[in-house]
Amino acid sequence: MKKLWIRRVLYSVIALLGVLICVFIWADHELNKVMGKSTKVIDFSSFIKSSQIVQIRNANVLSEDCTHFIKNQDVLIKDGMIVQLSENLVINKDAALIDGTDKYLIPGLVDSHAHLQESKNDLFLYLANGVTYIRDMAGRHVVLEWRKSIQKNGLGPRMFIASRPIYSESGLMGYYYAWTRKTVDYSNKEDAQKGIKKIKEQGYDAIKMYGFVNPEMFKTTLEIAKENNIPVIGHIPLVNLDTFYQSGQKEVAHIEEITKKTIEDFGKSIAKNPNEYLAFLKVRSAQIAKNLKQNDISVTSTVWLCESFVGQRFNLKSKLKEIELKYVNPKIVEGTPLYKSGWLPGRNGYEYNGKDDPGARKLSLTYWKTYAEAIHIMTKTLVDHKVSIMAGTDATVATVVPGFSLHDELESLSKSGMTNSQAIYSATVEPGQWMKSKTGKIKIGYHSDLVLLSNNPLEDIRNTKAIEYVFFNQHIINKTQIKMILKAIEDANNENRSIEIDEYLK
């Protein structure tokens, strides 16, 4: 009898382990599926033209400070570098000639906050939108491999790649976050040294700080990063702003990171006290901006995303119709039943949770409207105090479409207090200087990351979308080829789609 009981217990344990293994395998598959790897990668090389020497004739060229266009300029490009820039250059008989008459040449755009996942077609969405450089803010091994390939063949945007986000959880929670959120977890100095050493050895350009890191591990991370000569960028962790200013972290990944700290300092419900909070912020924001400027801390924007929260939460279907949803990797859009990581109704984590209490709904609406207004106030104050702002979008977060989103962000920055000149500067010169890269300016000795527009973006910031040609490395794509690239990506997405999206399209 005893042996029979032992046997039954053993079988039950084996069965339970089998179920747990099956659940783990399924969950792991779901977590990997939403990275978008299963969507077919288009043959991008078939759509582009390559030329060792290119001459752009008679274009209006954006000045290095982005304040005006210089008329009737010729630009000679050789092996992906700008080698001559002046009026009436002698025509190079070996060059591919591009007529820039009545057109506007600007530097290739930079999205300073992007998330590439494993959706390789997104690289081509960036280029099709004139985005020739991206900062990937939660890198993974496959993206490092893509960068190596691009450095050899030039078939993609340049990339600055930050590490996976740092967490300071320990034990089982540390393993859980490392698995589900692809984090780097450590809770003591020894593990921090190992983790940061590995990040540097793998080839990452920076350490991505996250908001849940405790003060001790935040300080430890900054100290070890300094020893390894690798910058720390990203979120503001569990410290107050006064501590953060002096920490040595040189960039904040979202303007909202700053406003969230002011909400904490306000100490009351902003949904119940919106006007009082906004008055508090207007007083507080000037000193915050001064401290950021004094400590040479740059800020990446992501304003459009914060503006979208009200629409995503309370009118998601209409919000989806505003964006270029058909070009987004379908597995990213669809998400997973494990958690609300998708973009669609019922799968979108920003969507209102459906409480019927009208009072609760009203408070939530007030909160998110106040939140967006706070972002505008903080942005305007940062601009007024000449804090370094880099345009970033947080693409592939819900409704933020790779490539297209940077043009949305420039419009939001323009509406938030930047001149069109300052908005373009934030997506060209500012990130180029921050990354110490020869990009972001039309200048001899700089990379030929360029966009030729049919209309003047200084007159209307929406004209950054009026793309005639994109130049990157030794390659060129024109507006006809751009349409073909987008169609190929749309077709690849449709082949891998499990949920139809016709009702959400424009």
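The values are calculated or read from the model by the stated rules, or taken from the named source; none is laboratory data. Fair warning: this is a prediction, and the values are worked out from it, not measured in the lab. All Cβ positions, even for glycine, are placed from backbone atoms using ideal geometry, and neighbour counts span all protein chains on display. The accessibility values were calculated without ligands, DNA or RNA, using every heavy atom of the protein model including side chains. Shrake-Rupley method; radii C 1.70, N 1.55, O 1.52, S 1.80 Å.
Some notes on this structure:
- Scanning region 95-118 for residues that are out of contact with any helix residue (DSSP H, G or I) (no Cβ under 8 Å at 6 or more places or on another chain), under 24 Å from residue 480 (Cβ atoms) and part of a strand (DSSP E or B) returns 96, 97, 98, 99, 105.
- Test: residue in region 16-35 that is crowded, with 17+ Cβ neighbours inside 10 Å, under 24 Å from residue 479 (Cβ atoms) and either at pLDDT below 95 or not basic (Lys, Arg) (or both): no
- Between 92, 88, the distinction of being without any contact (Cβ under 8 Å) to a residue 40 or more places away in the chain, more than 16 Å from residue 51 (Cβ to Cβ), assigned to a loop (DSSP other than H, G, I, E, B) and not hydrophobic (A, V, I, L, M, F, W, C) belongs to 88 only.
- From 205, 136, residue being in contact with a helix residue (DSSP H, G or I) (Cβ under 6 Å, 6 or more places away or on another chain) and closer than 30 Å to residue 327 by Cα: 136
- Only one of 448, 421, 414 that is in contact with a Phe, Trp or Tyr (Cβ under 6 Å, 6 or more places away or on another chain), of a type in the set (Gly, Ala, Ser) and at pLDDT 95 or above: 448
- Contacts under 6 angstrom Cβ, first residue in region 65-82 being crowded, with 20+ Cβ neighbours inside 10 Å, partner assigned to a strand (DSSP E or B) and β-branched (Val, Ile, Thr), 6 or more apart: 73/61; 75/56; 76/83; 77/54
- Residue 250 vs. criteria open to solvent by 40 Å² or more (accessible area, probe 1.4 Å), within 23 Å of residue 293 (Cβ to Cβ) and under 24 Å from the mean Cα position of the chain (by Cα): yes
- Elements of type strands (runs of 3 or more DSSP E) in region 406-506, at least 3 residues being closer than 30 Å to residue 373 by Cβ, among the aliphatic types (A, V, I, L, M) and open to solvent by less than 10 Å² (accessible area, probe 1.4 Å): none
- In summary, strands (runs of 3 or more DSSP E) completely within region 119-212 and bearing 2 or more residues that are modelled with pLDDT of 90 or more, closer than 30 Å to residue 481 by Cα and aliphatic (A, V, I, L, M) occur at 131-136, 158-167.
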